[in-house]
Amino acid sequence: MRCLLLALASAAALATGPAPALQAQEPGRIQLDTFTLGNGLKVVLAPDHSTQVVAVNVWYNVGSRNEVAGRTGFAHLFEHMMFQGSANVPKGGHMSMVEQAGGSMNGTTANDRTNYFEVLPSNRYNLGLWLEADRMKSLAVTQANLENQRETVKEERRMRVDNQPYTGSLLKGVTAPFDPQSCFAYGHETIGSMTDLNAASVADVQAFFKQYYAPNNATLTLVGDFDPAEARRLIQQYFGDIPRVDTPPAVSCDVKFNAGEKRETITDAKATLPALLRVYLVPGYSDKDHAALELLSTVLGSGESSRMNRAIVRDAKAALAAQAGLDVTGPHRGPSVFIAFAIANQGVNPDSLDKLITQQVEMVASQGISDAELTKAKNSRRASLIFEKERALSTAEAIQNASMFLGDPYAVNTDLDRYMSVTKDDIRRVAQQYLRRDNSTVILIKTPEGPRP
């Protein structure tokens, strides 16, 4: 499928001198050892002998943002295709082999990345490496597998999106701020359309695999109970001869902030109560304002004590539920969204919810937040990062996240600093700058007219 790299070139990456020293151990910090194979595969090793498991985690630099008009849903389709067998693994064999070894595995798709992982006993982590390498170099992209998994994805869409109240409306809403002409990357849904999935050919799917599922478009992270020297040897043995490909095309996304408020009405066939969604355009994960926006989302709409829950749900009794969130479909390297969402109580017009939500947002912009609110939001973020490091897989995901969205895997040890340095003035400023009416899209979610079946 792809031209072979010389094995010597692959080996050169590991033969240029002694391995770099592990990062100095400090309380709460993750030890990292990073290197790159000759074929471009980035590798991050994080040995941790506290438990006898190893997480094998591969992130491919491909998600729905890499798709083009008429060919949506391919990234999500491949999340399924990657379990359909390869040169040395029969269809369904990947899952059964991992389970028989006492492990677990899965994959997920987001806007900016697709990941695959296995968590295995430490004496069997080589199985995870071998399985990932085998499907990276020789996935079985056949007509039969395409037909089977296309129907699986379509059924998943019916079950998880089309037949769930509010879900489809929310997914449409978070793409609404992005003009499909200037920012198709984030202007369409990750799961893709039925029409595009039906139109996909084997040649289309093979081309997508060849372009994106290559070592120079992937990062492999190992976390857990392993010997770094042995891991280096196994990674070189399994992945070293997989050929690299041309660098995939860059993704463009042009957006205009503060372009004026837009309003849409969506009828949700499964909803029993109307709802209101406000979507604000915000910068991506690496931006200096991201941490302040995330803490603001906690203050406004995360948990029972959040402002929206207290004012709109408990006091005004206007909503059954209310929530705010940032990067609700995952982190973005490009522009992202901040949402405020509420489901109306019976007899409450969603326009009334809009006024109540806007009131809470504008109160932060004009008056700021309290010391207690800022402390609570920071503590929540700190706690989530601590809990994240309790498991090998979530630690691997955190390292991958730092590598892709902050440009450096070592940032996993300093990311919390961004949040701890946020001030009340920062919270007020980002509310004023981004949570503006003229920087928003308002989605009124209606229930179907007439009696429900």
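Worth pointing out:
- Dimensions of region 262-446 from C-alpha coordinates, computed as largest minus smallest value along each principal axis and given longest first, are 51, 36, 31 Å.
- Residue-wise HN-Hα couplings along region 92-103, as the Karplus relation 6.51 cos²θ - 1.76 cosθ + 1.60 with θ = phi - 60° gives them from phi, are x, x, 4, 5, 5, 5, 5, 5, 5, 8, x, x Hz; Gly and Pro carry x.
- Local electrostatic count, Pro177, Cβ distance below 14 Å [Lys/Arg +1, Asp/Glu -1]: 0
- The chain, relative contact order in percent, only Cα pairs under 8 angstrom and at least six apart counted: 20 percent
- In Hz, Karplus ³J(HN,Hα) per residue of region 383-390 (6.51, -1.76, 1.60; θ = phi - 60°; x = Gly, Pro): 4, 5, 6, 5, 4, 4, 8, 7
- Computed from the Cβ-Cβ distance with R0 of 56 Å, the FRET efficiency linking Asp438 to His49 stands at 0.55.
- Over the chain: Rg over Rh, Cα atoms, Kirkwood Rh: 0.99
- Virtual spin-label span in nm between Ser286 and Thr36, 7 Å along Cα→Cβ: 1.4 nm
- Rel. contact order, % - alpha carbon contacts under 8 angstrom, at least six apart, region 262-446: 37 percent
- A simple rule links phi to the HN-Hα coupling: the Karplus curve 6.51 cos²θ - 1.76 cosθ + 1.60 with θ = phi - 60°, which for region 155-167 gives 5, 4, 4, 4, 6, 8, 10, 5, 9, 10, x, 6, 4 Hz, with x for Gly and Pro.
- Placing a label point 7 Å from the Cα of Lys355 along the Cα-to-Cβ direction, the residues of region 253-275 whose backbone N falls under 20 Å of that point are 261-265, 274-275.
- Modelled label reach - Asp246, point 7 Å along Cα→Cβ, region 128-154 residues with backbone N closer than 19 Å: none
- Given the chain, longest segment not containing exposed loop GluC sites (Glu not before Pro) (DSSP; at most 12 other Cβ within 10 Å): 1-303
- 5 angstrom amide H check on Asn106, placed H, neighbours 5+ away: Phe117
- Among the listed pairs Lys262/Lys317; Lys378/Lys424; Lys256/Lys355, those beyond 22 Å (Cα-Cα): Lys262/Lys317; Lys256/Lys355
- With the simple spin-label model, which puts each label point 7 Å out from Cα in the Cβ direction, the Leu171 to Lys389 separation comes to 3.6 nm.
- Relative to the longest principal axis of the Cα atoms of the chain, the long axis of helix 350-367 makes an angle of roughly 80 degrees.
- For Lys91, a cut-off of 30 angstrom between C-alpha atoms picks up these lysines, skipping any fewer than 8 places away in its own chain: Lys42, Lys137, Lys154, Lys210.
- Arg29 versus Asn88: modelled label distance in nm, points set 7 Å from Cα along the beta carbon direction: 3.8 nm
- Relative contact order %, region 7-239, counting alpha carbon pairs below 8 Å whose residues are six or more apart: 33 percent
- Compared with the direct C-alpha span, the chain from Thr195 to Lys446 gains 87.8 nm at full extension, assuming 0.36 nm per residue.
- The C-alpha atoms of the chain define a longest principal axis, and helix 392-405 lies at about 80 degrees to it.
- FRET efficiency for Glu151 and Val68, using Cβ-Cβ distance with R0 set to 35 Å, rounded to 0.05: 0.95
Any read-out appearing in this document is the output of simple, stated calculations on the displayed coordinates, not a laboratory observation. Only a predicted model underlies this, so the values are computations on that prediction, with no experimental measurement involved. Positions of Cβ are generated from backbone atoms using ideal geometry, with glycine treated the same way; all protein chains shown enter the neighbour counts.
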